[in-house]
Amino acid sequence: FRSATDVSIVNKMLVFPAVGEKREGVWNVKLTNEFHMTNDSQLFHTEPSDGRLPLYEGRMIHQFVSDQAPPKYWIDESEGRTSILGTRVKAASTEKLGYESARFAFREIARSTDARTMIASILPPRVFANHKLMVGRPESMSGAVAAYLLGVVNSVTFDYLIRQQVASSISMYAFYQMPVPRLVETDPSLRSISIRSARLVCTSPPFDPLARECGLESHKVGATDPATRERLRAELEGLVAHLYGLNEDELAHILKSFPLMPEPSKVAALNALRDVQKGLIS
């Protein structure tokens, strides 16, 4: 650490449990990945067709966005299911699998020198994922929790800490070591963060089930215009910084470590933290 402020920030964050630490009576995170780009390449098709589902890669997502780029590959759903189930295929051929639901995911490839290191979103239902996407198993957390976790990890506060620990990739192990407030689903702070994340993610019909889990009517109340999205992201920055117990000077210190972040976004984040502290944002 380069300053006493760094030490103060990290000490405040480390009060909270590692996200990979199993806890009773509260949600837990279990990550997985699915199709290896080399080992499973025989399953990949370069054209869509009936019965084929898109294969998501890291380049296809960005923060709160799941359509950053079009797919390059598709997998026959039946073959994909068989591959995922493995030896369980006969006993569980009708089992609902992760790809059938919206899922939290983040890019494994992540440089500490990029504008942002942690790049996470929620994948739409009925897509497969390659091994460069770390995917949360839906059975380990509800949609509201997935949206809450997404809001936390896409914040500059979380990013500030994890980018000090990685060079070119975020492994499952590195992610599991990160401190995250493990709020219960009835906590107002969890709802405040999850509903804003959901509005940023749920902008198309496939996300309607997730929207409803987070308390929204449908994707129609999702935020699509840039100004609203910027406001929601600033509010998330303020809410997450406050959740970790940071003050205005500490958030300003974090923001200085993101030289590629637009100055208006930094100002909006600081203003949002002030509003959270005053009870104007909840």
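The values are calculated or read from the model by the stated rules, or taken from the named source; none is laboratory data. Keep in mind the model is a prediction, meaning the values are calculated, not measured. Quick reminder, even Gly has a Cβ in these numbers, built from the backbone with ideal geometry, and neighbours come from all protein chains shown. These area figures cover heavy atoms from the full protein model, side chains too; ligands, DNA and RNA do not enter into them. Shrake-Rupley method; radii C 1.70, N 1.55, O 1.52, S 1.80 Å.
Does segment 124-136 contain any residue that is touching a helix residue (DSSP H, G or I) at 6+ places or on another chain (Cβ under 6 Å) and within 24 Å of Asp275 (Cβ to Cβ)?
Taking every residue of segment 124-136 in turn, none turns out to be touching a helix residue (DSSP H, G or I) at 6+ places or on another chain (Cβ under 6 Å) and within 24 Å of Asp275 (Cβ to Cβ).
Only one of these is farther than 18 Å from His62 by Cα and either of a type in the set (A, V, I, L, M) or free of Cβ contacts under 8 Å to residues at least 24 places away in the same chain (or both): Ala144, Ala102. Name it.
Selected residue: Ala144, the only one of Ala144, Ala102 that is farther than 18 Å from His62 by Cα and either of a type in the set (A, V, I, L, M) or free of Cβ contacts under 8 Å to residues at least 24 places away in the same chain (or both).
Kindly establish whether Ile75 is closer than 20 Å to Leu123 by Cα, of a type in the set (Val, Ile, Thr) and open to solvent by 40 Å² or more (accessible area, probe 1.4 Å).
Judged against the criteria, Ile75 is not a match.
Between residues in segment 178-195 that are more than 23 Å from Asn11 (Cα to Cα) and residues that are of a type in the set (Ser, Thr, Tyr) and in a helix (DSSP H, G or I), which pairs lie under 7 Å by C-beta distance while being six or more apart or on different chains?
Final answer for the pair search is Ser194/Tyr148.
Tell me, which helices (runs of 4 or more DSSP H) wholly within segment 75-175 include 3 or more residues that are closer than 25 Å to Ser197 by Cα and modelled with pLDDT of 95 or more?
By residue number, 143-153, 156-162.
Can you give me the number of residues within segment 192-204 that are of a type in the set (A, V, I, L, M) and either farther than 19 Å from Trp27 by Cα or open to solvent by 30 Å² or more (accessible area, probe 1.4 Å) (or both)?
Of the residues in that region, 3 qualify.
Name every residue in segment 192-204 that is within 14 Å of the chain's Cα centre (by Cα) and polar (S, T, N, Q), in order of residue number.
If we filter segment 192-204 for residues that are within 14 Å of the chain's Cα centre (by Cα), which is where we start, we get 193-202.
Selection gives Ser194, Ser197.
Given (1) under 26 Å from Phe44 (Cα atoms); (2) modelled with pLDDT of 95 or more; (3) of a type in the set (A, V, I, L, M, F, W, C), where does Leu190 come up short, assuming only one miss?
Among (1) under 26 Å from Phe44 (Cα atoms); (2) modelled with pLDDT of 95 or more; (3) of a type in the set (A, V, I, L, M, F, W, C), the lone unmet condition for Leu190 is (1).
Yes or no: Phe175 open to solvent by less than 20 Å² (accessible area, probe 1.4 Å) and under 15 Å from the mean Cα position of the chain (by Cα)?
In short, yes.
Testing Ser189 on (1) surrounded by fewer than 23 Cβ atoms within 10 Å (Cβ to Cβ); (2) polar (S, T, N, Q); (3) not in a helix (DSSP H, G or I), one condition comes back false. Which one is that?
Status for Ser189: all satisfied but (3).
Return the residues of segment 30-70 that are of a type in the set (Val, Ile, Thr) and open to solvent by less than 30 Å² (accessible area, probe 1.4 Å); say none if nothing qualifies.
Correct list: Ile61 only.
Limited to segment 1-29, what total is found for residues that are surrounded by 14 or more Cβ atoms within 10 Å (Cβ to Cβ), more than 20 Å from Met172 (Cβ to Cβ) and not polar (S, T, N, Q)?
Result for segment 1-29: 4.
Please tell me if Pro71 is more than 21 Å from Gln165 (Cβ to Cβ), at pLDDT 95 or above and assigned to a strand (DSSP E or B).
no
For segment 72-86, give me each residue that is in contact with a strand residue (DSSP E or B) (Cβ under 6 Å, 6 or more places away or on another chain) and of a type in the set (A, V, I, L, M, F, W, C).
Matches in segment 72-86: Trp74, Ile75.
Hey, among Arg81, Arg59, which residue is under 20 Å from Val201 (Cα atoms) and free of Cβ contacts under 8 Å to residues at least 60 places away in the same chain?
None of the other options fit; the residue is Arg59.
Give segment 109-119 a look and list any residue that's over 12 Å from the mean Cα position of the chain (by Cα) and of a type outside the set (S, T, N, Q), or say none.
Of everything in segment 109-119, those that are over 12 Å from the mean Cα position of the chain (by Cα) and of a type outside the set (S, T, N, Q) turn out to be Ile109, Ala110, Arg111, Asp114, Ala115, Arg116.
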